[in-house]
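Here is the structure we will look at, set down as structure tokens.
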Number of protein chains: 2
Amino acid sequence: VHLALSEISRALPSDALITSGAALDAYASDASEVAPVTPLAVAKVASTEEISAVLRACNRHGVPVTSRGAGTSRVGGAVPAAGGLVISFERMNRVKHIEANDGLAVVEPGVVTGELHRSVESAGAFFPPDPNSWESCTIGGNVATNAGGPRALGYGVTRDYVLGLEAVTADGTVLKVGRRTRKGVTGYDLVSLLVGSEGTLAVVSEITLGVVRKPEAVGTIVIVLDDESRVHPCLNALRSHGVALRCAELLDSHTLALVRPKAGLALPDRAKALLIVEVDGDASTVEAMVERAGNVALESGALDVLVATEGTRREALWKSRRELSHALRRAAAKKLSEDVVVPPSKLGELIAFCRRTTETSPVRMPAYGHAGDGNLHVNLLWDDPELDVEPQVRRLFEETIRLGGTLSGEHGIGLLKAPYLPLEQSPDVIALERRIKDVFDPNRILNPGKIFADERRHGDC
Amino acid sequence: VHLALSEISRALPSDALITSGAALDAYASDASEVAPVTPLAVAKVASTEEISAVLRACNRHGVPVTSRGAGTSRVGGAVPAAGGLVISFERMNRVKHIEANDGLAVVEPGVVTGELHRSVESAGAFFPPDPNSWESCTIGGNVATNAGGPRALGYGVTRDYVLGLEAVTADGTVLKVGRRTRKGVTGYDLVSLLVGSEGTLAVVSEITLGVVRKPEAVGTIVIVLDDESRVHPCLNALRSHGVALRCAELLDSHTLALVRPKAGLALPDRAKALLIVEVDGDASTVEAMVERAGNVALESGALDVLVATEGTRREALWKSRRELSHALRRAAAKKLSEDVVVPPSKLGELIAFCRRTTETSPVRMPAYGHAGDGNLHVNLLWDDPELDVEPQVRRLFEETIRLGGTLSGEHGIGLLKAPYLPLEQSPDVIALERRIKDVFDPNRILNPGKIFADERRHGDC
């Protein structure tokens, strides 16, 4: 490590390399329950060249490297679990340029996603991905995890907006992959391979994003249901009546009970689930679709519908959804948050499974989130700090796979889900992924331990 | 080869393996200008197990393998350039099942794309990708090339609809990658890596596709322009007025002159370019958008607009676009068709380049196609069979790259564009792609010579 650090210190300004003191602790943990690991050093890189210099040194001396945006990972993705060095992007936070005419934005990885939203919108365009942490997370982290958010239902996920990347492989080689055009089939799709690879293949240094036209108007509708089993039929009815939703967020009976006191919504006592749905488009279409959606929902058995097309009213309707994470944290001594996905027709079965777990085990299992694409944030809440919830976590994943689903819709695998990867992928697929990792990172210095559980860890050297 | 064939003949029904005779010639060429190469054998596979058996034998004995759908490649992708064996999918042409409720269709690679369109639509859903050869090409070929088509502007390309794949690597290993849900971030995106890899990484045996809701109504508008330079401003005006186009097809002055006599459209003499644009959605939105589009086009300087929202009228308006490929073939003794992409704001510069080439060289260069996403089918027409047009092809690609574009929007690289790959990708990127190929296909038996020009060819053994 000392050899690597002395090489790095020659390549970076003196205030860019932290090698001791309490400042390192700020890079030890993320937004997950993973135990903190203080890195040996933090490099606050300011350019592609500096990233390349850091990686060359670490690769030569076998020092693990964990890239870090804002540390909002829910699965330990930003925890430097193998020690080593953290590359921090706080100095690479510029929106370089926006070319609204060609639907492009070129940015550094450290740009906060909310900042990107505002920059793009002030240029008359729209960047749809909206992970819940958008006010603090960075676009680099969104690229690493292929982040989603409510609007993924209508607009797709981060990968759908990444046209090109500049990235540095473990040996310091700078690659420009992808393109500046929406279409293009030259060579292999290395962009899609890097997006969602959780910092295990390369370190991204510049991102070329596609942006779209900002919709003229948005309408928000809260659909009040008397039973969770009505969720999928209601969404189906909306779709078959031609209501194209840009998001469809669920609060199940458990989460609804938690936020009801603070939600500020006049809900009938019989309300047992909420769907918050949105449509967008030009103003007249939105008006027509909101009316259609309300009528279809009532015909399919909703207790009530609450509608808003104007900003402050819309914000009030979203308040109950925003409250959730905090309310859940207060509701138990211990909390784990998963983000499984099932085919939409299996939503009812997944929610029923959560209900059974709550009723038959010491773990309560509220579920909420992106019901439209079958991606639910299933939480585990429990009070006894000694309780081992691993059996419940495993059963949730097994049930998800049985229903034809996947372990993660947007958080990634990170450290926390790595032990469960074999539930979804065969040994042959995992072996192939590891061989692809070896192409980019033969010495296995990039975010070791993430995605693949039993990867050989490098000791501190 | 003989050892491989005798192993294969034990694994396949006797009528499934062709090893001699004129029947082999049907597999020698595709829809490109690449010289035919008759394969040593053709295996008409009927199952994943048969594909695996064929690959195991060929891999063991170093026999090149070229997968073939309907042979509609424009770049030699289906020509067995290195000899060896062709895997043909004519016996794997089933739509296995359609789950409209979850937006899924599971199909074999040999399904003709037009057949897939009809099956999906009869189940009330919609599969958007519509390459021009959709009546004959197969979905397996579409996956191999990441095919597009006019509707790519509004709906994206084939890759955007492939959720999961079953694929067989060179050594016969069967992999299931991807998922049955729209969202999912478990492991690396091997689906996107395989889509567009032109049969060089694995042989796809089953495809899980996402399908969407069929739009209620479609409106088609032909916009008549007096100058090609008005194309981009007109498209820009439509976008900034909130007209979301699902396609925007250009006929430049050259192609318009060719099809004008047969197009059956009353066009003013001053017409020098046509844009055929479409909107879709529910009936009332389409009506409003067609009116808005017409008005915006006229305000931005169009000579005329012709409108159709009803099927037979729409078909009549598309006729001039459909005529193009035939008309161009008749217009010269020799023809090459490229499919470069530039950022939309550079369309004018690309068309001007084509015009200059036509005026200053023996090669005429009409351009038409998917103007909305900057993907033009630039044709080279010439009459002297002795003329070497390589300098013009190279200059076209150099100009495309200079304008920030890419060599291919939907045809792929194949054999024909392989020599030009280094114009777009650095040696480091190409070296990385080759190393990824080696992970899937260490003996380099899969479609050798495609994408990468100087790849070691295997002799007939």
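Can you flag which of A:437/B:450; B:272/B:346; B:44/B:319; A:214/B:272; A:176/B:346; A:334/A:417 are past 27 Å Cα-Cα?
On the way: A:437/B:450 24 Å; B:272/B:346 19 Å; B:44/B:319 36 Å; A:214/B:272 32 Å; A:176/B:346 21 Å; A:334/A:417 18 Å.
In this structure, B:44/B:319; A:214/B:272 lie more than 27 Å apart at Cα.
Comment: the Cα-to-Cβ extended label point of residue B:428, at 7 Å, lies 3.5 nm from its counterparts in the other copies, nearest first. Take the stretch B:124-270 with all the other protein chains still there, run a 1.4 Å probe, and you get 29 Å² of accessible area per residue. Which shape class, rounded, prolate or oblate, goes with the stretch A:197-238 when its Cα gyration tensor gives a ≥ b ≥ c as root eigenvalues, a/c under 1.5 marks rounded, and past that a/b bigger than b/c marks prolate? Oblate shape, in that a/c is at least 1.5 and b/c is the bigger or equal ratio.
The three principal axes of the C-alpha atoms in the stretch A:24-67 carry coordinate ranges of 33, 22, 15 Å, sorted with the longest axis first.
The alpha carbon centroids of the stretch A:117-189 and the stretch B:92-153 are separated by 27 Å.
Select from the stretch A:357-461 those trypsin sites (Lys or Arg not before Pro) which occupy a DSSP coil region and have at most 13 other Cβ atoms within 10 Å, ordered by residue number.
On the way: sites: A:364, A:394, A:395, A:402, A:417, A:434, A:435, A:437, A:444, A:450, A:456, A:457; in loops: A:417, A:444, A:450, A:456, A:457.
For trypsin sites (Lys or Arg not before Pro) across the stretch A:357-461 that sit outside H, G, I, E and B with at most 13 neighbouring Cβ atoms in 10 Å, the list reads A:456, A:457.
Return an integer: the convex hull volume of the alpha-carbon atoms of the protein assembly as shown, in Å³ per residue.
On the way: hull volume 151.2 nm³, N = 922.
Per-residue hull volume (Cα only) is 164 Å³.
The stretch A:428-453 and the stretch B:195-270 have Cα centres lying 42 Å from one another. Could you give log10 I(q)/I(0) at q = 0.06, 0.09, 0.11 Å⁻¹ for chain B, computed by the Debye formula over C-alpha point scatterers of equal weight, without solvent? The computed values of log10 I(q)/I(0) come out as -0.27, -0.61, -0.90. Taken residue by residue and averaged, Cβ atoms of other chains lying within 10 Å of the Cβ of B:424-436 number 5. Residue by residue along B:283-293, Cβ atoms of other protein chains within 10 Å of the local Cβ number 2 on average. The calculated FRET efficiency for residue A:3 paired with residue A:435, based on their beta-carbon distance and R0 = 30 Å, is about 0.55. Residues of the stretch A:213-228 that bury at least 40 Å² of accessible area once all protein chains are present, compared with their chain alone (1.4 Å probe, heavy atoms only, ligands and nucleic acids left out), are A:213. Sorted shortest first, the separations between the residue B:10 label point and its copies elsewhere in the assembly read 6.1 nm; each point sits 7 Å from Cα along the Cα-to-Cβ line.
Between residue B:20 and residue A:315, the simple spin-label model (points 7 angstrom out along Cα→Cβ) gives 8.2 nm. If you wrap the stretch A:69-195 in the convex hull of its Cα atoms and look at it from every side, the mean projected area works out to 8.5 nm². Taken over the stretch A:325-461, the percentage of Cα pairs per 10 Å bin, counting from 0 up to the bin with the maximum distance, is 11, 37, 31, 17, 4, 0.
Taking amide hydrogens as placed 1.01 Å from N in the peptide plane, the amide H of residue A:99 sits under 5 Å from those of A:104, A:105, A:106, each at least 5 positions away in sequence or on another chain.
In the stretch B:265-372, one over the average inverse separation of all distinct C-alpha pairs is 16.4 Å, which is the Kirkwood hydrodynamic radius.
Comparing each chain alone with all protein chains together (probe 1.4 Å, DNA, RNA and ligands left out), the residues of the stretch B:337-352 losing at least 40 Å² of accessible area are B:343. Taking the square roots of five times each eigenvalue of the Cα gyration tensor of the stretch B:240-311, the equivalent ellipsoid has semi-axes of 23, 14, 11 Å, listed largest first. Shortest first, residue A:401 label-point distances to identical copies amount to 4.6 nm, with the label point at 7 Å from Cα along Cα→Cβ.
Ranked highest first by average number of other Cβ atoms within 10 Å, how do B:40-52, A:247-259 line up? Don't skip to the end; give the middle numbers.
On the way: B:40-52: 21.5, A:247-259: 23.5.
Packing order, densest peptide first, comes out as A:247-259, B:40-52.
So if I average 1/r over every pair of distinct C-alpha atoms in the stretch A:4-161 and take the inverse, what Kirkwood radius in Å does that give? All intermediate terms of the calculation are to be shown ahead of the outcome.
Numbers: mean 1/r = 0.0609 Å⁻¹.
Computed over the stretch A:4-161, the radius equals 16.4 Å.
The angle between the Cα long axis of helix A:427-440 and the main principal axis of chain A comes to about 50°, on a 0 to 90 degree scale. Using C-alpha pairs under 8 Å with a sequence gap of at least 6, the mean separation divided by the residue count of the stretch B:355-442 gives a relative contact order of 16 percent.
Close amide H partners of residue A:413, meaning residues 5 or more places away or on another chain with modelled amide H under 5 Å apart, are B:187.
May I ask for the angle, rounded to the nearest 10°, between helix B:347-360 and the longest principal axis of chain B, with both axes built from Cα atoms and the value confined to 0 to 90°? With rounding to tens, the tilt is 90 degrees.
Quick one: buried accessible area between B and A, total over both chains, 1.4 angstrom probe, nearest 100 Å²?
Working: alone 18880 and 18910 Å², together 32120 Å².
That pair hides around 5700 Å² of surface in total.
With θ taken as phi - 60° and the Karplus curve 6.51 cos²θ - 1.76 cosθ + 1.60 applied, the whole-hertz 3J(HN,Hα) list for the stretch A:213-225 is 6, 6, x, 5, 8, 9, x, 10, 10, 9, 9, 9, 10 Hz, x standing for glycine and proline. Would you please give the FRET efficiency between residue B:262 and residue B:283, computed as 1/(1 + (r/R0)^6) with r the Cβ-Cβ distance and R0 = 22 Å, to the nearest 0.05? The formula returns an efficiency of 0.10 here. Were the residues from residue A:334 through residue A:212 laid out at 0.36 nm apart, the gain over their Cα-Cα distance would be 39.9 nm. Treating r as the C-beta distance of residue B:322 and residue B:33 and R0 as 22 Å, the FRET efficiency rounds to 0.55. Taking every alpha-carbon pair in the stretch A:24-101 and binning the separations at 5 Å intervals from zero gives 3, 16, 24, 21, 16, 10, 5, 3, 2, 0 percent. Annotation for the stretch B:343-449: chymotrypsin sites (Phe, Trp or Tyr not before Pro) lying in DSSP loop with at most 11 further Cβ atoms inside 10 Å of their Cβ do not exist. Once the Cα-Cα distance is subtracted from the 0.36 nm per residue extended length, the residue B:269 to residue B:171 segment shows a gain of 29.2 nm. For chain B, the longest principal axis of the C-alpha atoms and the axis of helix B:253-263 are separated by about 90°. Each Cα pair under 8 Å and six or more residues apart adds its sequence gap; the mean of these over the residue count of the stretch B:220-290 is a relative contact order of 51 percent. Chain B holds its axis-closest Cβ, relative to the rotation onto A, at the residue and whole-Å distance B:192, 2.
With the full set of protein chains in place, find how many percent of the accessible area of the stretch A:1-132 is carbon and sulfur; take the probe as 1.4 Å. Numbers along the way, then the final one.
Values: 2360 of 4750 Å².
Roughly 50 percent, rounded to a whole number.
Accessible surface computed residue by residue for the stretch B:1-95, with neighbouring protein chains in place and a 1.4 Å probe, gives 38 Å² per residue.
The values are calculated or read from the model by the stated rules, or taken from the named source; none is laboratory data. All values derive from a computational prediction rather than experimental measurement. Note that we place each Cβ from the backbone using ideal geometry, even for glycine, and neighbour counts take in every protein chain shown. We work out accessible area using only protein heavy atoms, side chains counted, and drop any ligands, DNA or RNA first. Shrake-Rupley method; radii C 1.70, N 1.55, O 1.52, S 1.80 Å.
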